[in-house]
Amino acid sequence: MTIAVDFDGTIVEHRYPEIGREIPFAVETLKKLQEEHHLLILWSVREGRLLDEAIEWCKARGLEFYATNKDFPEEDESKNKHYSRKLKADMFIDDRNVGGLPDWGTIYKIIREKKTLQQVLMEDMQDDYEQPKRKKWWQF
């Protein structure tokens, strides 16, 4: 699966143009997804030096992306008159989603189990709610 991942507010806390602190389990989860053969694209509003800083921040933590702000590493927008910055990804992970950014454990579960956010949340609610076993009238 090809997954586009935002940087500010998704991998790190939103402190743009600075780099915020890592959101718990973000890098660890993304590295696990790479181990499972998912292609990760860094998808960010950052450009130039600010983008380079984000890429280096990730590399320093052992996270390298398949591509950055493009569908594949060799894509050259200057040679393609039909170039669009809109990515062709199977999934986008971004803090600006409707409903916000789920925690990284939930994100991993959605991808790993190929479920929707709603399915995962409903399962979690069912797990949290255990129906008490009814006692028979003669058991106290």
Practice problem: Count neighbours as other Cβ atoms within 10 Å of each site's Cβ, and list the trypsin sites (Lys or Arg not before Pro) in segment 1-47 that are DSSP loop with at most 11 such neighbours. | Solution: Arg15, Arg21
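Largest first, how would His38, His14 line up by accessible area (1.4 Å probe)?
Greatest to least solvent exposure: His14, His38.
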Self-check item: Solvent-accessible area of Leu117 with every protein chain in place, 1.4 Å probe, in Å² to the nearest 10
Solution: 70
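So what is the diffusion coefficient of segment 36-75 in µm² per second by Stokes-Einstein at 4 °C and 1.567 mPa s, using a Kirkwood Rh over Cα pairs?
This corresponds to a translational diffusion coefficient of 122 µm²/s.
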Quiz item: So how far apart, in nm, are the two label points at Tyr16 and His37 if each is 7 Å from Cα heading toward Cβ?
Solution: 3.5
Quiz prompt | Net charge, Pro24 excluded, C-beta distance under 12 Å - Lys, Arg +1, Asp, Glu -1 | solution = -3
Quiz item: What's the Kirkwood radius of the chain in Å, using all Cα pairs?
Solution: 17.1
Self-check item: Relative intensity, log₁₀ I(q)/I(0), of segment 1-61 from a Debye sum that treats every alpha carbon as a point, q = 0.12, 0.17, 0.18, 0.28 Å⁻¹
Solution: -0.27, -0.54, -0.60, -1.33
Exercise. Could you pull out the pairs from Lys59/Lys109; Lys32/Lys86; Lys88/Lys114; Lys32/Lys114; Lys32/Lys115; Lys31/Lys109 whose alpha carbons sit more than 20 Å apart here?
Key: Lys59/Lys109; Lys32/Lys86
Self-check item: Residue-normalised accessible area of the chain, given per residue in Å² at a 1.4 Å probe
Solution: 71
Quiz item: What part of the accessible area of the chain, given as a whole %, is carbon or sulfur when the probe is 1.4 angstrom?
Solution: 52
Practice problem: Name the residue farthest towards the positive end of the dipole of the chain from the options Tyr66, Asn97, Gly20, assuming +1 on Cβ of Lys and Arg, -1 on Cβ of Asp and Glu, about the Cα centre. | Solution: Asn97
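The values are calculated or read from the model by the stated rules, or taken from the named source; none is laboratory data. Small disclaimer: the values here were computed from a predicted structure and weren't measured. So basically every Cβ, Gly included, is an ideal-geometry build from the backbone, and we count neighbours across all protein chains shown. Keep in mind that these areas ignore ligands, DNA and RNA; they rest on the heavy atoms of the full protein, side chains included. Shrake-Rupley method; radii C 1.70, N 1.55, O 1.52, S 1.80 Å.
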